[in-house]
Each structure stands twice: as C-alpha cells, then as structure tokens.
Amino acid sequence: MTLIKSISGIRGTIGGTAGEALTPPDIVKYTSAFGTWLRKRAKSRKVVIGRDARLSGPMVKQLVAGALQGCGLHVIDLDLSTTPTVEIAIPEEKAAGGIIITASHNPKEWNALKLLNEKGEFVSAADGQEILQIADKGQFHFVPVNELGGLEIKNHYLEIHIQKILALSLVDTEAIRKRNFKIVVDAVNSSGGIAVPKLLRALGVEQIVELYCEPDGRFPHNPEPLPEHLLEISKMVKKQKADLGIAVDPDVDRLALIMEDGSPFGEEYTLVAVADYVLQHKKGDTVSNLSSTRALRDVAEKRKVKHHSAAVGEVHVVEMMKKVKAVIGGEGNGGIIYPELHYGRDALVGIALFLSHLARSGKTVSMLRAEYPNYYMSKNKIELNPAVDIDRVLLKMQEKYKKYPHATIDGLKIDFDDHWIHLRKSNTEPILRIYTESKNLTTAESIAQRIMKEIGELSKQAQS
C-alpha cells in the first residue's frame, strides 16, 4: 500500500493501514489541513470539490465534504466532473480554493486529493509545504456547531465550461460542422465519457462512436493514454473508417489522438499541433517542460516567437507561462494549457482547438502530422542504491558535459545539436529518470544506454 505526500496533494492506494495508504483517517487529516489553511488565508468561505468516476470517488468525496464543512467552509460539490471544470468553477464561484478527487492516470486502486487555490490553479510549492506542516503537526481548527459549513450540489459547470470553449475566438464550430467528422472516443469509463461526447456535439460533430464512455469507474485498460494502452481504439478507428480517435485520462486533463489509419498521433505532438494552430493566429511565446519534445521549439521558431522550458510539473509550467506571457503551453504528455480560457491542463479545450485546426486545414490527421518534425523519445530509469548521493552524480555529469548548453532547474538537461538528455531524480524513491530525444529512435535509445552506463560508473564513486 502506498501514500505519497507532496506539495501538490495527497495520493495513495485505497485500503490498508492509516499512514501507509489513502485511508479514511488520512483523507480527513489532509483535507482538514487544507480547510484550516483556507480559513487562515481567504475571506471566502466557499470551496469547490469534484471527482472523477473511479470506484472510490463517492466514499472519498463524502469524507472530504464533511471535513471541509467541519472547518466552517461552504462546499460547492460538482460531483462527477473533470479537473479543468473544477478549475474553472473556483473563480466563477469566488471560492477560496478547491479539491479535485482524482488520481489522474493511475490505476483504479489509486485516488488522490489535488489542491487548488482561489485562482483554480494548483497550490504553489510554498503553500503546499505549509499545508503539509499543518497536517503533520495536527494544527487543525474545527468550528462549533453553529458555524458548520453547508453543502450545495451544482452540476451545471460542465455546460459553463463548454460554453466558454465555444466562445473562444479560435474555436471554429462552423468549420468543424462542415467537415462532418466521424470520431471515436475512449474515455476509459470515467467522467470524460460524459464530457467529451457533449463537447463534440456542441462543436457540431454528429458521428460519434463511444468506446468505454460509461462513467462507472471500471477502467477497461490502463488509464494512462499511452499508445500501448490504446490498441482497441486504434482498431476501432480503422474499423469505423473514422477521421480521428480521441482518448483522455480519467480526469480529462490529458489528450491523446489516433490518426485515421489507426496509428497514434503521438502524445508529445498534441501540444505541438495545437500550439502551431494558435501561433498562426496569435503572436506570443510558448512554454513546455524540460522533458517535452523539441518539436515545440521548432514550431515556435518557425512562427518567429520564443520557446521557454520549465521544470516538470503543471505548477512550474504555469509560473513560466505567466512570466513570459505565453499564449500557449503545456506538457508533452498531452496536457494543453490555453491561458485565454484558464491556466490548467485541459483536454476539452485541446480537442476544440485541434478540431478547428484540422477542419480549417482541409487535411486528414496523418497529413497534418506529417507537417511537424519527427523526434523520437526514449524514457528510462535507473534504480540506485539508497546509499548513492544522486545530487553528487548529477553534479559530476554536469561537469562532464559543461561545454554543452544545460539547465539545472529540474535535475540536469543537456542540449546537443541533434538530441538532448534530461536526468531527473525521484522525490520518493532512489530512482534517476533518464529521458533522451533524437530524430532517430535507435539513436535516442543508444544515447540513453550510454548515459545509463556512465551514471552507473559515477554512482559507484558517489556512495554516501
């Protein structure tokens, strides 16, 4: 059983012993810490909650709502919802913050409490640390009976979310309707099963083939939208002679696309294609994390704007986007952040912008994909002896490759002319993650193997 406490929230497996998994006492403990923190800093007494469709969601939601009410907060419950919908609802409600009950792409035995501030954005590192300290010290504050918070169910926010998307200047419903697309949707039996078809119908798509769109939380396959988990939708796209396949994760903040021939568009290229469309119409910079494909930088340079890299993690990408006033950004896992709507990864706005791009281009999905440079990524990890000083290993690697451009804001990223390497340590286990990208898959993998060998040698010298 696993319980992971981080600045962005609490994640763990359901069942087991308190303190070792995401059990009812742990849910109440960390929710109460968040509620106490909100009461200390915010004038508003409202807080928004929502959940994905996973099996433990209703149980976790009841505990979360009760704990927040005990802190004197008025709970706005969106119930079955998406992460970006909750993010949009918080400022609309003028709430103090919110909690999304979702373990995102993790399997069904997992759940999590993801914490949001009054802007509907993930809490900062400093704020997250303060919340964890309140929990660790047990410094909760609960109100007397006459001050208990209320509970209000509001299930109309998906409609508001969709209407805000339709109102965006770059969403072209007329062009989409004229193309008469046929689209297959795999929503892994979570809340995307409601949200994605509803959005598509609002965009003028009439031919929708629903695959695993019953939001009962019984995930039919690994819910992370990677190509190896999307074999069934790939077959269905070909069988149905569809124009496009759309796959989302359980909380609908990641978007993966399948081309008309059944092959994956590439999770890294969801952001690339959407950014290209946005940059054709809006002048501004782009942002992605250090582990995302170089193709986005190429697109930005082609459109004569700057590309910026941020540390891995949505909160870091958003901070950089605000700093440079980026018009589009996100992460290479299919996470689109479009600030004209809100500062959060949002598969729904990604779908609307991609379909507008596709419709206006007059091309097939595979023709559109062929316009972007091909890069191949290799993702690996090394499990190190806990006695190894990983920071020392990274410093030695930095010294070894010091003549090449590099960044140290999140591990070590080294840029070469035709490839890059990113080394990141895990915050929870003695693991070093190695990401490499090149224009040739064999090259990317051979570089990764070479770097892993070098790290192995250096780790023997870095026993602490």
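The values are calculated or read from the model by the stated rules, or taken from the named source; none is laboratory data. Predicted model, so just to flag it, every value in this text is computed and none were measured. Here the Cβ positions follow ideal geometry from the backbone for every residue, glycine too, while neighbour counts run over all protein chains shown. Each accessible area value is taken on the protein alone, full model and side chains, heavy atoms only, with ligands, DNA and RNA left out. Shrake-Rupley method; radii C 1.70, N 1.55, O 1.52, S 1.80 Å.
Summary table
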| read-out | value |
| --- | --- |
| Subset of segment 246-262 (residues that are out of contact with any Ser or Thr (no Cβ under 7 Å at 6 or more places or on another chain) and either in a helix (DSSP H, G or I) or not basic (Lys, Arg) (or both)) | ILE246, ALA247, VAL248 |
| Any hit, segment 14-23, residues being open to solvent by less than 50 Å² (accessible area, probe 1.4 Å) and closer than 30 Å to ASN146 by Cα | yes |
| Within segment 307-346, tally of residues that are outside any loop (DSSP other than H, G, I, E, B), open to solvent by 20 Å² or more (accessible area, probe 1.4 Å) and under 27 Å from VAL205 (Cα atoms) | 1 |
| Meets criteria (open to solvent by 30 Å² or more (accessible area, probe 1.4 Å) and either in contact with a His (Cβ under 9 Å, 6 or more places away or on another chain) or among the basic types (Lys, Arg) (or both)) for GLU301 | yes |
| Neighbours by Cβ (under 8 Å, 6+ apart or cross-chain): first from segment 270-282, open to solvent by 10 Å² or more (accessible area, probe 1.4 Å) and assigned to a helix (DSSP H, G or I); second of a type in the set (D, E, K, R) and at pLDDT 95 or above | LEU279/ARG303; GLN280/ARG303 |
| Subset of segment 154-175 [part of a helix (DSSP H, G or I) and open to solvent by less than 80 Å² (accessible area, probe 1.4 Å)] | TYR157, LEU158, ILE160, HIS161, ILE162, LYS164, ILE165, LEU166, THR173, ALA175 |
| Residues (in contact with an Asp or Glu (Cβ under 7 Å, 6 or more places away or on another chain) and farther than 30 Å from GLY262 by Cα) located in segment 169-184 | none |
| Top-ranked residue in segment 72-101 [being assigned to a helix (DSSP H, G or I) and of a type in the set (Val, Ile, Thr); ranked as nearest to LEU199 (Cα to Cα)] | THR85 |
| Among (1) of a type outside the set (Lys, Arg); (2) farther than 21 Å from GLY138 by Cα; (3) open to solvent by 10 Å² or more (accessible area, probe 1.4 Å) - the single one GLY57 does not satisfy | (3) |
| ARG218, sole failed condition from (1) open to solvent by 10 Å² or more (accessible area, probe 1.4 Å); (2) closer than 21 Å to LYS182 by Cβ; (3) part of a loop (DSSP other than H, G, I, E, B) | (2) |
| Segment 344-359 residues that are more than 30 Å from GLY98 (Cα to Cα), paired with ones that are of a type in the set (Val, Ile, Thr) and surrounded by fewer than 24 Cβ atoms within 10 Å (Cβ to Cβ) (beta carbon under 6 Å, 6 or more apart) | LEU355/ILE176; SER356/VAL171; ALA359/ILE176 |
| Some residue of segment 131-139 being under 24 Å from the mean Cα position of the chain (by Cα), open to solvent by less than 70 Å² (accessible area, probe 1.4 Å) and touching a residue at least 12 places away in the same chain (Cβ under 8 Å) | yes |
| From VAL237, VAL248, residue being crowded, with 22+ Cβ neighbours inside 10 Å, touching a Leu at 6+ places or on another chain (Cβ under 7 Å) and closer than 22 Å to LEU353 by Cβ | VAL248 |
| Filtered residue count, segment 451-464, keeping only those that are basic (Lys, Arg) and either open to solvent by less than 60 Å² (accessible area, probe 1.4 Å) or modelled with pLDDT of 95 or more (or both) | 0 |
| Close pairs from segment 160-188: first within 22 Å of ASP251 (Cβ to Cβ), partner aromatic (Phe, Trp, Tyr) and open to solvent by less than 10 Å² (accessible area, probe 1.4 Å), Cβ under 8 Å, at least 6 apart | LEU168/TYR338 |
| Those residues of segment 391-409 which are in contact (Cβ under 8 Å) with a residue 24 or more places away in the chain and either in a strand (DSSP E or B) or under 19 Å from ARG450 (Cβ atoms) (or both), in sequence order | VAL393, LEU394, LYS396, MET397, LYS400, ALA407 |
| From the options GLU130, GLU109, residue that is over 21 Å from ASP77 (Cβ atoms), in contact with a strand residue (DSSP E or B) (Cβ under 8 Å, 6 or more places away or on another chain) and not hydrophobic (A, V, I, L, M, F, W, C) | GLU109 |
| Any hit, segment 188-195, residues being of a type in the set (Ser, Thr, Tyr), in a loop (DSSP other than H, G, I, E, B) and touching a Leu at 6+ places or on another chain (Cβ under 6 Å) | yes |
| ASN106 being open to solvent by 10 Å² or more (accessible area, probe 1.4 Å), under 25 Å from PRO223 (Cβ atoms), among the polar types (S, T, N, Q) and under 20 Å from the mean Cα position of the chain (by Cα) | yes |
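This table checks each residue for (1) at pLDDT 95 or above; (2) surrounded by fewer than 16 Cβ atoms within 10 Å (Cβ to Cβ).
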| position | (1), (2) |
| --- | --- |
| LEU348 | yes, no |
| ILE351 | yes, no |
| GLY362 | yes, yes |
| LEU368 | yes, no |
| GLU383 | no, yes |
| ILE421 | yes, no |
| SER426 | no, yes |
| ILE431 | no, yes |
| GLU437 | yes, no |
